[in-house]
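Notes to accompany the following structure.
Just so it is clear, none of the values below were taken in a lab; they were calculated from the coordinates. What you see is a predicted model, and the numbers here were worked out from it, not measured in a lab. Note: ideal-geometry Cβ built from the backbone for every residue, glycine included; neighbour counts use all protein chains shown.
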């Protein structure tokens, strides 16, 4: 008898499970985002090129006309940024291989490391170089042997200085670039076309220096190619540190999502300058009116159920259905088989 009773209860629970699945979760329930992730990764350069261009070419809207330049005096698979007597002679373009980052994540910061080649590669006084990194706004292709046509357009409103770091121990001489500004620009909607390394805007007229580096596919050299250690995060994981532009509400697109700019830092708390409201003046008593004031109608409060309730009121019938099903199964499984009733 006890065994039959246990079997009846198990059967009742088995019937209840499918019924419970038909009802929605309570309103306001939050489903955890299992895809949210963040971390750090080391990425390589995917595409690189350098352009032999004078300042007159890079500042002109039409650029320089292509020319059949003589063979490059520098070793194969090297990249270059340089200045002669204050005039730009070369600049380099790099694009990072971010395909290795987890899906649904974006670069939020990091450091680009650019080892410097020696004099045999073409470097001259690299410790005096003044470099900046700017956002690339046009596509480019591999050109590690140098190109003489107009270099792709750049936007130096998104920029970061390339800082010189002297060799120390096992670490070679290098330049480093903080990638935070570029990650913010790409997250805000700018296309990731790459980063350009070029002479800084404040380069002095007498300056003369040259920085050589290895291309991403160079072999047989002790000078490593540039790499970057980047921080990445998904949108859900990045909410805690995003510096959204609060100067204007984000514009929603047709799909209902919004575009958030991370270019501006959060506004500092502002003091409350709203003038205090004056207390209303006390009004003199109004003489009794000739006609009696109608009594105020008393409103009986009504019960209200909202917020976290169930979307379907039929769920309240579930206990009755379970009780009926359990009783029927218990009777069917425990009755005497010899009983003909």
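Between residue 188 and residue 137, with labels modelled 7 Å along Cα→Cβ, what's the label distance in nm to one decimal, could you check?
1.3
Pairs of alpha-carbon atoms within less than 8 angstrom and 6+ residues apart define the contacts here; what relative contact order does segment 38-238 have, in percent?
In percent, rounded to a whole number, it is 39.
Expressed in nm to one decimal, what extension gain is obtained for the pair residue 84 and residue 149 from 0.36 nm per residue of sequence separation less their Cα-Cα distance?
21.5 nm
Under a crude label model (7 Å from the Cα following the beta-carbon direction), how far is residue 170 from residue 334 in nanometres?
According to this spin-label approximation, the distance is 7.6 nm.
I need the shape label for segment 167-221. Rule: rounded when a/c is under 1.5, else prolate if a/b > b/c, else oblate, with a, b, c from the alpha carbon gyration tensor.
oblate
Two decimals, Cα atoms only, Kirkwood Rh: what is Rg/Rh over segment 82-172?
For segment 82-172, the value is 0.97.
Mean projection of the alpha-carbon convex hull of segment 38-238 over all orientations, in nm²?
11.5
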